[in-house]
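The values are calculated or read from the model by the stated rules, or taken from the named source; none is laboratory data. Nothing here was measured: the structure is a model prediction, and the numbers come from that model. For neighbour counting, all protein chains shown are included, and Cβ atoms are generated from backbone atoms with ideal geometry for every residue, glycine included. The accessibility values were calculated without ligands, DNA or RNA, using every heavy atom of the protein model including side chains. Shrake-Rupley method; radii C 1.70, N 1.55, O 1.52, S 1.80 Å.
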Amino acid sequence: MAPSVLIIGGGMAGLSAGCFARMNGFETEILEMHTIPGGLCTAWTRKGYTFDLCIHWLCGSKPGTPLYQVYDKLGLMEGRRFHHTDSWTSVRDEHGNEITIYTDPDRLYDELIRISPEDTPFISRLCKDIKKLSRMETLVDMTILDIIRYIPYFSLMKRYKPTVHDILSEVKSPVLRNLLTAGFGWEGQSLFFPLMGLAMQGAKNAGYPIGGSLPCAKAIEKRYLDLGGVIRYKSKVTAIITEKNRAKGVRLADGTERYADYVISCADGHTTIFEWLQGAYCDDTIRGYYQNLKPFPPIVFISFGLSTDLSHIPKDLTILFDNPVEIAGVKQDTISFRNHVHDPTLYPPGKGVITTWITADYSYWDRLQYHSEAYLAEKDDVGRKVLALLCQQYPDLSERCEVMDVATPMTFVRYTGNWRGSYEGWQVTPDSFFLDLPQILPGLSGFSMAGQWVVTGGGIPGAVLSGRKAVKQMCSDFGKKFVY
Ligand SMILES: Cc1cc2nc3c(=O)[nH]c(=O)nc-3n(C[C@H](O)[C@H](O)[C@H](O)COP(=O)(O)OP(=O)(O)OC[C@H]3O[C@@H](n4cnc5c(N)ncnc54)[C@H](O)[C@@H]3O)c2cc1C
C-alpha cells in the first residue's frame, strides 16, 4: 500500500505539497479549516466588485524559467494571462514632488535624474545594477550548478543587503531620498528585496495574473484533485499527535483524530511548533528565530468599489505625508493605493477597484474583540479616513464609493491562522537575508514543515517551493526517488 500523508493547510504551500506528494505516489489528504483553497492567496466579492488580497507580482511568470516550470506542473499556468506593469509605484509628496519608479532601468534613470542631477553617480549605479538583477532567476533546487549560476549576483546581494533607509541615506537630494524610501517600503527591510522585485517586473518575470489570486489557488486545487488527492474543508487542526517521537496524525477541533504515515504542516509556523507540538521539538536556534526575526507586520486591508472609470489614476500610488496621519493607533508616514484598473475581471464595466493596506497594531485590534460594536465602529472609521485621504488626491471620487470593505489583523487570524495577523511570514532584513528556516524539527521524525514561515520574504514562490521540498524530504525518508 502507498504511504499516506496528512497535509495541514490548503494554502499555496499545502496545495503544492499535495500535488507533488500525489505525483510521487503518496496517498494524500489536505486538512483546511476554511471553506476554500488558497489561504492568503485569496480574494472576495462584494456587490459585483472583487477585492483581490494577494498577488501583485508573481516571480517566475516568464515562460522557460525554472520556477515557471514548477508552476506549470501544478496547473497554475494553464490558460493564465499576465499583465506586466511599467512601474513599481508612483510616489507623491505634499509639496507637488512626484516620481514614478519605472521597471525599465533606462526610463527610471531619466526619471530620477530629472529630480536630482546631483545624484548622477548613485542613480547610474542603481540603474546598472537593476539591469544586472533582471537576469536573475529564482532557484528551484540549490544544486552546485545553481550556486555557480548565482555567483555573478553575490556582489549585488552584498551591496543591497543593508536596509532601504541605510542605502538611500547616500542620496544627496532630500526630495529624491524621501520619495525613493517611501516607494521602496519600510525602513527595516533590505533594499535587495524590492529591488529584485522591480528588476524581475522589468524583465517580465513577475507579472500579475489576470483574474487575480483566488483563480490561481483554484487552478492548483484542480490539479491536485485531478491527481486523485483529497481535500477536507472545515477541518481545523488543534494538535499534532506523536508517538515515540514520530508524527502519527492530527487532532481536529471536533475532537476526531486522523492518522497517516507522515505529516506536513503548511500552516502557521509558530502555532505548529509551539502549540500543536508544544515546543517539544525545538532547539535554541529555532526558538531564537521566532524570538528575533522580524515578521511582516499585521495590516488593515481596505478596499473600495467605485462607480467610476479609474483610468486617470496611477496603477500604484504612494502618498508621503509631512506629518504622519494616525489611523487605528498607528502613525502612518505614507499610504499606498493600488488601482486594479489593469484587471477588468474584478469590477463591472465603467467602474473600478482601489485597495490599500496600512500597518496595524495587533494588540489594538485584539483588545477591541472581533465583531464587537467597538470593533465594527473602528473598522468603519478606518475605511472612512482612508477614503478621505484618497479623495484628497482625487476629489472626483467622493460620492463614488459604492462598497467599502475593511479586513483587520483579526480577519487574517480568523481565515488563515497566521501568527499575530502577519501577512507574509518573515521580512528580509540584513539579519535574515536569504535565510531558510529548518523544515524538519529536531528529534521528530515523520514530519516536515512548509510555507511562508520556513523561508524569509514569504510569497508564493517560497510557499510553493517549500511544499515541493517537504515532499522531497518525505521521499528520502521513505527511500523513494523524488520525481516530478
Ligand atoms: C496583501 C498581501 C499582498 C501579497 N502580495 C504578494 C505578491 O505580490 N506576490 C507573492 O508572491 N506573494 C504575496 N503575498 C504573500 C503570499 O500570499 C503568501 O506568502 C503565501 O500565499 C503564503 O502561502 P502559505 O501556504 O505559506 O500560507 P497561507 O496562505 O497562510 O496558508 C496556510 C493555510 O493553512 C490553513 N490553516 C491555518 N491553520 C489551520 C488549522 N488549524 N487547521 C487547518 N488549516 C489551517 C489556512 O486556512 C491557510 O489556508 C501577499 C500577501 C498579502 C496578504
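Taking the Cα centre as origin and putting +1 on Lys and Arg beta-carbons and -1 on Asp and Glu beta-carbons, what dipole magnitude results for the chain, to the nearest 20 debye?
Approximately 1380 debye in magnitude.
At q = 0.19 Å⁻¹, what is the log10 ratio I(q)/I(0) for the range 100-203, with the Debye formula run over Cα points and no solvent?
Normalising to I(0) and taking log10 leaves -0.94.
Just check the chain against the gyration tensor rule for me: Cα atoms, a ≥ b ≥ c as the square roots of the eigenvalues, rounded for a/c under 1.5, and otherwise prolate or oblate depending on whether a/b exceeds b/c.
Cα axes put the chain in the prolate bin.
At 1.4 Å probe size, with the rest of the protein present, what percent of the exposed accessible area of the range 248-306 is carbon and sulfur atoms?
42
Expressed as a rounded percentage, what relative contact order does the range 11-161 have, with Cα pairs under 8 Å and six or more residues apart?
13
Using alpha carbons only, how many degrees (0 to 90, rounded to 10) separate the axis of helix 120-133 from the longest principal axis of the chain?
30
If I fit a long axis through the Cα atoms of helix 12-23 and take the longest principal axis of the Cα atoms of the chain, what angle between them do I get, 0 to 90°, rounded to 10?
Approximately 40 degrees, to the nearest ten.
Can you give the net charge of the other residues whose Cβ lies under 13 Å from the Cβ of residue 440, counting K and R as +1 and D and E as -1?
0
With +1 on the Cβ of every Lys and Arg and -1 on the Cβ of every Asp and Glu, and nothing else charged, how large is the dipole of the range 100-203 about its Cα centre, in debye rounded to the nearest 20?
Dipole size: approximately 200 debye.
Suppose a student asked you for the relative contact order of the range 100-203, using Cα pairs under 8 Å spaced at least 6 residues apart; what percent would you report? Intermediate results must be reported in sequence, preceding the final value.
Numbers: 100 pairs, mean separation 36.3, N = 104.
With pairs under 8 Å counted, the relative contact order is 35 percent.
Tell me, what % of the accessible area of the range 355-436 is carbon and sulfur with a 1.4 angstrom probe?
After summing per-atom areas, the C and S share lands at 46 percent.
Under a 1.4 Å probe, what is the accessible area of the chain per residue, stated in Å²?
It amounts to 42 Å² per residue over the chain.
What is the chain's relative contact order, in percent, from Cα pairs under 8 angstrom and six or more apart in sequence? Write out the running numbers ahead of the final one.
Values: 977 pairs, mean separation 108.1, N = 484.
Normalised by residue count, the contact order of the chain is 22 percent.
What number comes out for the charge environment of residue 100, summing +1 per Lys or Arg and -1 per Asp or Glu over other residues with Cβ under 14 Å away?
Details: positive: 92, 107, 114, 315; negative: 86, 93, 98, 104, 106, 110, 111, 316.
After counting each charged neighbour, the total is -4.
What is the helix-to-structure angle for 213-226, meaning the angle in degrees between its Cα long axis and the longest Cα principal axis of the chain, kept from 0 to 90 and rounded to the nearest 10?
Between the helix axis and the principal axis of the chain, the angle is about 20 degrees.
Give me, ordered by chain and number, the residues 5 or more places off residue 327 or on other chains with an amide H under 5 Å from its own placed amide H.
Result for residue 327 returns 332.
Place +1 on the Cβ of every Lys and Arg and -1 on the Cβ of every Asp and Glu in the chain, take the dipole about the Cα centre, and give the residue among 7, 89, 311 whose Cα lies farthest towards its positive end.
7
For the range 1-83, just say rounded, prolate or oblate: build the C-alpha gyration tensor, square-root its eigenvalues into a ≥ b ≥ c, call rounded for a/c under 1.5, and beyond that prolate if a/b exceeds b/c, oblate if not.
oblate
Run through the DSSP bridge list for the chain and note the antiparallel percent, rounded to the nearest 5.
Of those bridges, close to 70 percent are antiparallel.
Would you grab the residues whose amide H sits under 5 Å from the one on residue 27? Only those 5+ places off in sequence or on another chain, please, with H modelled 1.01 Å from N.
Amide H neighbours of residue 27, under 5 Å, 5+ apart: 4, 5.
Over the range 100-203, with every protein chain in place, what whole percent of the accessible area is carbon and sulfur at 1.4 Å, could you tell me?
Here carbon and sulfur together make up 58 percent of the probe-accessible area.
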